[in-house]
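What follows is calculated from the coordinates using simple rules that are stated; it is not laboratory data. Not measured: the values here are computed from a predicted model. When we count neighbours, we look across all protein chains shown, and the Cβ atoms used for this are built from the backbone with ideal geometry, even at glycine.
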Amino acid sequence: MNCFRYKLDHDYGFAPNPFHGVLSLATCKSQLRMNKNVKIGDWIVGLGSVSMGNLHYIIFAMKVEEIMTFDQYWKDPRFDCKKPVVNGSLVQMYGDNVYHTDITTGRIIQEYSAHSKPGGRTNGKHWKRDVSGKNVLLSTTFYYFGSSCPVIPEDYSYIDNDSRAIKYIDLAGEDAKIQAFVDWLDATYGKGIHGDPCNWKEFDLPKLDIYEDE
C-alpha cells in the first residue's frame, strides 16, 4: 500500500469533508485525486503547516475505500447530505458534493458552494483546479482531528512531510511502517471526528452540538 502525505494551508471542513460518517476528498489537491497510483487500500494523511501554525501535526488520515467520478458522487443518494446549503449550518455550508455534468451542454457545473463566487457565480480558478482532479476519494475508515490535531510522535516521524509536494515514494513497500502508524492512531484515538475544522475558530462558534444535523 501507499501512504500519501501533504500539508494543508487551511481547513474549513471542505477539503477534506469529514461529516456524515464519510470523509471525502472531492475538491482541491487535484494532483492527488488524479494520481493513477492512488488505489483502494492506500492511506492519505493531511498534515499541518506554517500558515496554520501547526506544522508537524496530523489533521487527518483516511484509508481510500472508494474512488468515483464527480457524476457518480452527485447521483449517489448516500451523498446527498454532502451537497452544500450555503445558508445552512457550517456542516451544510461546507458540503463538497458540488460538481456534476450538465446533460445539455456536457460541461461540468460548479454548484453554489464554498468554492463559488458571491451569489453562486462560477469561480473559474477553483473550477479548473477542482475539475482537473477528476476523482472523488472516499473513506469510512478515517481519523479527523482538525483543531484538536496531535503532533506526530517521534516514533512515526517518517510520516511527516517537510516539502510542499505530495510525498509517498519514500514509503513505497514499507507496509509495516504505514500499518504501525495506523495502529497507533486507532489504539490512541479511534476512528471518526475528534475536533472542529481548524479554521472554524474564525466563526466564534457558540457552545452547541455542531453535528446535530447528522
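What the table below lists for this structure:
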{"item": "Potential extension, ASP9-GLN72 segment - 0.36 nm per residue separation minus Cα distance", "result": "19.8 nm"}
{"item": "Straight-distance crosslink candidates among aspartates and glutamates, where the alpha carbon sits under 13 Å from LYS82 and sequence neighbours closer than 8 are dropped", "result": "ASP96, GLU111, ASP213, GLU214"}
{"item": "Karplus-derived 3J(HN,Hα), 6.51/-1.76/1.60, for each residue of the stretch 26-39, Hz, glycine and proline x", "result": "10, 9, 6, 6, 4, 4, 7, 5, 9, 5, 5, 7, 6, 10"}
{"item": "Spin-label model distance (nm) - GLU65 vs LYS128, 7 Å beyond Cα toward Cβ", "result": "3.6"}
{"item": "Local electrostatic count at GLY146 - Lys and Arg +1, Asp and Glu -1, tallied over other residues with Cβ under 14 Å", "result": "-2"}
{"item": "Mean Cα-pair separation over length for the chain, i.e. relative contact order, pairs under 8 Å, 6 or more apart, %", "result": "29"}
{"item": "Three-way shape call for the stretch 1-97 based on the alpha-carbon gyration tensor, with the a/c threshold at 1.5", "result": "oblate"}
{"item": "Square roots of 5 times each gyration tensor eigenvalue, C-alpha, the stretch 68-137, largest first, Å", "result": "17, 16, 11"}
{"item": "Residues whose placed amide H lies under 5 Å from that of CYS28, excluding near-sequence neighbours", "result": "ASP130"}
{"item": "Eligible lysines near LYS125 by straight Cα distance, threshold 18 Å, same-chain separation 8 or greater", "result": "LYS29, LYS117, LYS134"}
{"item": "Karplus (6.51, -1.76, 1.60) ³J(HN,Hα), θ = phi - 60°, over the stretch 185-193, in Hz, Gly and Pro reported as x", "result": "4, 5, 6, 8, 10, x, 6, x, 8"}
{"item": "Within-11-Å neighbourhood charge of HIS56 [Cβ basis; K, R +1; D, E -1]", "result": "-2"}
{"item": "Derived scalar couplings ³J(HN,Hα) [the stretch 149-156; Karplus, 6.51 cos²θ - 1.76 cosθ + 1.60; whole Hz; x for Gly, Pro]", "result": "4, x, 6, 5, x, 4, 4, 10"}
{"item": "FRET efficiency, SER157 to SER89 (Cβ-Cβ, R0 30 Å, nearest 0.05)", "result": "0.20"}
{"item": "Net charge contributed by nearby residues that have their C-beta within less than 14 Å of TYR158 (K/R +1, D/E -1)", "result": "-4"}
{"item": "Where labels lie 7 Å past Cα in the beta-carbon direction, separation of SER51 and GLU174 in nm", "result": "2.6"}
